[in-house]
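Only the coordinates and a few stated rules stand behind these numbers; no lab work does. Please read all numbers here as calculations on a predicted model, not as lab measurements. So basically every Cβ, Gly included, is an ideal-geometry build from the backbone, and we count neighbours across all protein chains shown.
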Amino acid sequence: MGKKIIVAGGGHGGITAGMLLSKNGFDVTVYEKNSRDNMGHDWTDIFDKKGFTAIGLPVPPQEMYKLKHDMTFYGPQMNTALVQHTPEDQLEIQMERRDIYSYIINAAEEAGVKFVFGCAVEAPILFGNRVVGIKTADGDKYADLVIDACGMYSPVRSKLPESLGIQNNSIDYEQFYVYRAFFNKTAEVEDVNKFKVLMLHQNKLGITWIATEEETTDVLIGRFKKFDMDEVNATIDTLRKDNPSIGTEIKRGGQFVNIPVRQPLGVLVADGYAAIGDSAFMTVPVIGSGIANSFKASKVLADAVINDKDGAYSAESLWAYQTGFYKILGNGLAPLAAVKLMLTRLEEGELDYIFDNGILNADDMTIGADDTNLASMLGGMSPADIKIKLTGLINNKVILKKVVRMGLELVRATVVTGAMPKTYNRKAVLKWVKSYNNCFKH
Ligand SMILES: Cc1cc2nc3c(=O)[nH]c(=O)nc-3n(C[C@H](O)[C@H](O)[C@H](O)COP(=O)(O)OP(=O)(O)OC[C@H]3O[C@@H](n4cnc5c(N)ncnc54)[C@H](O)[C@@H]3O)c2cc1C
C-alpha cells in the first residue's frame with residue numbers, strides 16, 4: 001500500500017487531489033461531516049469547465065450543464081446598465097452543485113479513494129511542528145500527509161500553531177455573508193435583465209443578484225457585514241417592486257452561507273499539511289468563484305506530492321505546490337483583493353459616478369473563463385476608453401484619490417506576491433508572509 005493521505009473535509013479540490021493521488025498508488029481517505037446525499041448546496045454554480053480538463057476528467061455531458069447567461073450590472077441609482085458580452089468560447093458553465101459533487105466523488109471512488117461520510121473533523125494532530133493526523137468524532141486518524149479541504153472555517157487550519165505562518169482565520173471584509181433562495185417565477189423577463197447584478201444595492205456594502213431562470217428566480221444577497229432574516233425580507237420586498245418575476249414561495253435554497261473574498265492564504269503548506277480550496281481562500285476575491293480554481297490547484301498539489309520521491313511531505317518538498325499555485329493562479333488573484341478593498345471604501349454616490357461616467361464600462365465587467373487576473377480583465381482598452389476614464393477621474397478628485405490608492409496597493413500586492421521565496425526556508429517564509437498579509441489591510 002502507498003503512503004497514507006487524509007483529506008480532511010470533502011471540499012472540491014481535496015476530492016480531486018485525492019483522486020489524482022489514488023491513481024498514482026497513494027492510500028487516500030476523505031473524512032466528510034455530511035452524508036453523501038447531502039454534499040454541497042441545493043443550487044447551481046458558475047465556473048470554468050477547463051477546471052475538469054486540468055485534472056484529466058472529461059467535461060461532463062452537455063445535458064448536465066448550460067452556458068452562463070451574461071450579467072447586467074447596475075449601480076445603486078440604476079441609471080446605467082453595464083451589459084456583459086462574453087465571447088461564446090469564454091462563457092463559463094452553470095451546473096448543479098450536487099451534480100458537480102456526484103461527478104467528482106464517482107471519479108475519485110473509481111480511482112480508489114475511500115470516503116468516510118458523517119464524520120466531523122475536529123482538529124489537527126501535531127507532533128512538534130508536523131501535522132501527523134486529525135482528530136475526528138470517530139477518533140484519531142494518522143497519515144503521512146493531511147490535505148485540508150474543510151472550507152473557509154477549517155478546524156484544521158484554524159488550530160495550527162501561529163509559528164507555522166499559516167493565517168488561522170479571516171478578518172473583516174475578507175468574507176461575504178450570503179443569503180440565497182430560489183423563488184417561484186411569476187413573470188417573464190427581457191433577455192438583458194435575466195441576470196441582474198445590483199452593486200451596493202440600497203447603499204449597503206455588497207451585491208444583490210436576481211437571476212430569472214426557466215422555472216425559478218434566483219435571488220442572492222451578499223454583504224460584508226452579517227445580516228438577518230428581517231433585512232432579507234425587507235430587501236426582497238423592495239426587489240419585488242421592480243422585479244415581478246420574484247414570487248413569494250421558496251422552491252430551493254433559503255439559507256445563509258459564507259464565501260471567502262480575499263487574497264489566497266499566504267502559506268499553504270507545513271510539514272505533513274497542505275491547504276486547498278476555500279480552506280486556502282482560493283476564490284476570485286471580487287466575485288467569489290472557487291470551484292475551477294480548486295480543481296486546477298489540486299493538479300499542482302498532486303504533482304508536488306507525487307514528485308516528492310522521499311515521501312517526506314515536508315513544507316520544503318510541498319513548497320513546489322505553493323509556488324506552482326501562485327504561478328498559475330495566486331499571483332493573479334492576490335492583487336484582485338486590492339480591487340475588492342477599493343469597492344469596500346466607496347461612499348454613497350461614488351459607484352454611480354463611476355458607472356455613469358464610463359470609468360467602468362461594459363467591457364470591464366465582461367469577465368470570461370480565462371480572466372483570473374486584472375491584466376486580462378482590463379485588457380484591450382481602447383485609447384477612447386482610456387480618455388473617458390481619465391476625464392471621469394480628473395473631474396472627481398475624491399474618487400481619483402481612491403483609485404490612485406488602489407493602484408498603489410495593487411502594485412504593492414503584485415510586487416510582494418512575486419517576491420515569494422523560491423525555496424522553503426522557515427525564517428524567509430515567515431518574513432515574506434508578514435509583508436504579504438500586510439498588503440491587504442482594510
Ligand atoms: C452562495 C454561494 C455561491 C457560490 N457560487 C459559486 C459559483 O457560482 N462558482 C464558483 O466557482 N464558486 C462559487 N462559490 C464558492 C464555492 O462554493 C467554493 O469556492 C468552492 O466550493 C471551493 O470550496 P471548497 O470545496 O474547498 O470548500 P467547501 O465548499 O466549504 O467544502 C468544504 C467541505 O468540507 C466539509 N467540512 C467542513 N467542515 C468539516 C468538518 N469539521 N469535518 C468534516 N467535514 C467538514 C463540508 O461539509 C464541505 O463538504 C459559491 C459559494 C457560495 C456560498
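Given R0 = 25 Å, the distance between the Cβ atoms of Glu109 and Asp140 translates into a calculated FRET efficiency of 0.55. Exposure proxy ranking for Phe127, Phe182, Phe325, based on other Cβ atoms within 10 angstrom of each Cβ and starting from the fewest, stands as Phe127, Phe182, Phe325.
In terms of surrounding Cβ atoms within a 10 Å radius of their Cβ, Cys439, Cys119 rank from fewest to most as Cys119, Cys439. If the chain linking Val192 and Asp228 were pulled fully straight, counting 0.36 nm for each residue of separation and taking away their Cα-Cα distance, it would gain 9.9 nm.
DSSP loop GluC sites (Glu not before Pro) in the range 152-188 with at most 10 other Cβ atoms within 10 Å of their Cβ, which ones? Could the numbers behind the result be given before it?
Numbers: sites: Glu162, Glu174, Glu188; in loops: Glu174, Glu188.
Listed in order of number, the matching sites are Glu188.
Projecting the Cα atoms of Phe256, Pro244, Thr217 onto the charge dipole of the range 175-259, computed from C-beta unit charges around the Cα centre, puts Phe256 farthest toward the positive end. Charge dipole (Cα centre; +1 on Lys/Arg Cβ, -1 on Asp/Glu Cβ; no other charges) of the range 71-195 amounts to roughly 480 debye.
In sequence order, the range 206-223 has phi-based couplings of x, 9, 10, 10, 10, 10, 8, 9, 4, 10, 10, 10, 8, 10, 10, 10, x, 9 Hz under the Karplus curve 6.51 cos²θ - 1.76 cosθ + 1.60, θ = phi - 60°, and Gly or Pro positions carry x. Take the Cβ atoms of Ile388 and Leu430, set R0 to 35 Å, and the FRET efficiency comes out at 0.20.
When the Gaussian network model of the chain links Cα atoms closer than 10 Å, the mean-square fluctuations of Met420, Met78, Met95 top out at Met78. Taking each residue as 0.36 nm, the span from Gln90 to Ala362 lengthens on full extension beyond its C-alpha to C-alpha distance by 96.4 nm. Principal-axis analysis of the Cα atoms of the chain puts helix 229-242 at an angle of about 40° to the longest axis.
For the pair Val404 and Leu205, a Förster radius of 25 Å applied to the C-beta separation gives a FRET efficiency near 0.70, rounded to the nearest 0.05.
Let me spell out the model: positive unit charges on the Cβ of Lys and Arg, negative unit charges on the Cβ of Asp and Glu, origin at the Cα centre of the chain. What dipole size does that give, in debye rounded to 20?
Result for the chain is approximately 1720 debye, rounded to the nearest 20.
Taking Cα atoms only, the orientation of helix 383-394 departs from the longest principal axis of the chain by about 80 degrees. Within the chain, antiparallel bridges make up roughly 75 percent of the DSSP beta bridges whose residues both belong there. For the range 265-353, the set of GluC sites (Glu not before Pro) satisfying both a DSSP loop assignment and a count of at most 12 other C-beta atoms within 10 Å is given as Glu347, Glu348. Compared with the dominant principal axis of the Cα atoms in the chain, helix 426-438 is inclined by about 20°.
Remind me, relative contact order of the chain in percent, using alpha carbon pairs under 8 angstrom and six or more residues apart?
Averaging sequence separation for qualifying contacts and normalising by length gives 19 percent for the chain.
Over the chain, the pair-distance histogram of Cα-Cα distances with 20 Å bins from zero comes to 25, 57, 18, 0 percent, rounded to whole numbers.
If a spin label sat at a point 7 angstrom from the Cα of Gln62 along the line to its beta carbon, no backbone N atom of the range 182-216 would be nearer than 18 Å.
Between Asn34 and Asn438, the distance separating the two model label sites (each 7 Å from Cα on the Cα→Cβ line) works out to 4.0 nm. Estimated from helices alone, the mean residue ellipticity of the chain at 222 nm is -10500 deg cm²/dmol (sum of -39500 (n - 2.57) over DSSP H runs with n ≥ 4, per residue). Sequence-distant contacts, meaning Cα pairs under 8 Å at least 6 residues apart, place the relative contact order of the range 175-259 at 47 percent. Label sites at Phe127 and Lys327, each approximated as a point 7 angstrom past Cα along Cα to Cβ, lie 3.2 nm apart.
Of all lysines in the structure, not one lies under 18 Å Cα to Cα from Lys427 without also being fewer than 8 positions from it along the same chain.
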